[in-house]
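The values are calculated or read from the model by the stated rules, or taken from the named source; none is laboratory data. Just so it is clear, the structure is predicted and the values come from calculations on it, not from any experiment. Here Cβ is always computed from backbone atoms with ideal geometry, including for glycine, and neighbour counts include all displayed protein chains.
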Amino acid sequence: MNQKSRDEALMGVALSIGRRELGHTWPNPAVGAVVVRETPAGPVILGRGWTAKGGRPHAEPQALAMAGEGARGATLYVTLEPCSHHGRTPPCVDAVRASGVARVVAAIGDPDVRVSGRGFSILREAGIRVDVGVGAAEAALVHAGHIRRVSEGRPHVMLKMAVSADGKAGLEERRPAAITGPASRARVHMMRATHDAVLTGIGTVLADDPQFTCRLPGMLDRSPVRVVLDSALRLPAESALLASLDTAPVWVVAGEDAPAAAEERLGERGVEVMRVRRHPSGGLDLNEVMRLLALRGLTRVMVEAGPRMAAAVLRADLVDECALFEAPVQLGVGAIDALEGLPLGALNDYLTTVGTERHGPDRLTIMRRR
Ligand code: AOF
Ligand code: ZN
C-alpha cells in the first residue's frame, strides 16, 4: 500500500471514531484522532482519541496520552486542525509538540477564528511535518455543524420528512397519520442521536404530543435537546415533552410579546424560554431562531415538524440536508401536502440527492444543499 492510500485509510479510522460522537460534543466538533507508528509489518495504531461529551477534553491529547512514549517519531492523524487557543482546555498544539510526533496529517483546517491556520503554522514552526487535505470531503460532512456555526453563526439544519406515496403528510384538520413503518422509525431515532437538537413547532406538539427522544436500546443517553417554536407560549403543562425532562432538556422559543405568566409557569418546570423577534409575516423569524440556537452552542439541528414549518425552513434557505422517508401508502385527495404551499418537488430546487436507503417497505432519500 502506498503512503497516500495508507493515509486515507488511517484518516478513515480517525473520522469514524470521531463521527460516533456526533450529537454528543456540542458546542464543539466531534473530532477523531489516531497516533500511528510505521513498522516493518505495517502501520500500528498506538493511541485513539475522540472529543468527549460536551466538547472536553479534545481528541488529540487523549490519543497522544494513550500512545505515551510511543508517540515519539510517530504520525498523528486528526480530522480537524489542532487548536492553538487557550480555551476551556490548553491548546492541543502544545500537547502535539510535547509528544514528539514527527508528522501530523489533518483532514481540514478549523474555521474557528481562534485557530484558523494558526494551529498548522505553530506545528510547522516546531519542525513537525504537516499534511492537510486527506479525507477532506468526508471531514467537511462530519464537521458541517461546527463549520456552519463558527463561520455562519447558525447550526447545520437537517429536515426530516415522512410522506405517503402520493406526497401527503397527514389527514385533514391536522389529524396525524401513521405513514412510515418501524424500521424507518428506528432510523429516525438514530438520526436524533447524532443531532444536538430536534426542532419542532407548537402545532406538531399540540397535534401529536411527541417526545422526540432517542429510544434505542443502549443509546438512551443520546437524546437531543427538544426545541419548540411556540410564539405565544401555548405548550401544555401535561405534554409528553415536559414529562420527559429527565431525559433531555426542553427549550421553548417564544415571541417577544408572549405572556410573562406562561414563561414563569414553564420556567418552574425547568423549561428554558427564549424570545426572538417576529418576522413581518407574523411567525417567528427563523433566521433569528437559528442564530440564537448557534449562540447557545447547537451545531446540528434536526427539524421534525409539520408541513408549515417544513416549507418555511425550506423557503428561508436554511435546509442543508433532508431525510425524506417515503412509504407505500396512499392518504388520498383530502390529505394535506407535506410542504404547505409548495409541491414536494420544490425540494429539488434547493437540494440534490446523495443517497437512498430501504427501511422495510419505506424508501429513505438523503438530499444535500446544492
Ligand atoms: C473539540 N474537540 O478534539 C478539537 C476541537 O472551548 P474549547 O477550549 O473546548 O475549544 C473548542 C474549539 O477547539 C472548537 O471550536 C474547535 O475550534 C477546536 N477543536 N474542539 O471540542 C477537539 N480538536
Ligand atoms: Zn484542541
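Across segment 71-83, a minimum of one residue is classified as hydrophobic (A, V, I, L, M, F, W, C) and closer than 17 Å to SER5 by Cα. With respect to the stated conditions, ARG174 is surrounded by 15 or more Cβ atoms within 10 Å (Cβ to Cβ) and modelled with pLDDT under 90. Of all the criteria given as (1) within 22 Å of LYS4 (Cα to Cα); (2) at pLDDT below 95; (3) within 16 Å of ligand 2 (Cβ to nearest atom), the one not satisfied by VAL31 is (2). The strands (runs of 3 or more DSSP E) falling completely within segment 298-370 that include 1 or more residues that are in contact (Cβ under 8 Å) with a residue 60 or more places away in the chain, hydrophobic (A, V, I, L, M, F, W, C) and under 26 Å from PRO182 (Cα atoms) map to 300-304, 321-327, 362-369.
Among the candidates GLY23, GLY54, GLY73, the residue that is more than 13 Å from ligand 1 (Cβ to nearest atom) and closer than 25 Å to VAL301 by Cα is uniquely GLY23. Each residue in segment 98-118 was checked for being farther than 23 Å from GLY135 by Cβ and modelled with pLDDT of 95 or more, and 2 pass. Tell me whether segment 278-293 contains one or more residues that are in a strand (DSSP E or B), buried (at least 21 other Cβ atoms within 10 Å of the Cβ) and basic (Lys, Arg). No, the conditions are met nowhere in segment 278-293. Can you say whether LEU266 is within 22 Å of the chain's Cα centre (by Cα), farther than 19 Å from THR213 by Cα and in contact (Cβ under 8 Å) with a residue 24 or more places away in the chain, as far as the supplied structure shows? It is false that LEU266 is within 22 Å of the chain's Cα centre (by Cα), farther than 19 Å from THR213 by Cα and in contact (Cβ under 8 Å) with a residue 24 or more places away in the chain. For segment 38-82, taking the residues that are within 15 Å of ligand 2 (Cβ to nearest atom) and acidic (Asp, Glu), the one that is surrounded by the most Cβ atoms within 10 Å (Cβ to Cβ) is identified as GLU60. Looking only at segment 61-81, how many residues end up being within 21 Å of the chain's Cα centre (by Cα) and without any contact (Cβ under 8 Å) to a residue 60 or more places away in the chain? Summing the residues that are within 21 Å of the chain's Cα centre (by Cα) and without any contact (Cβ under 8 Å) to a residue 60 or more places away in the chain in segment 61-81 gives 1.
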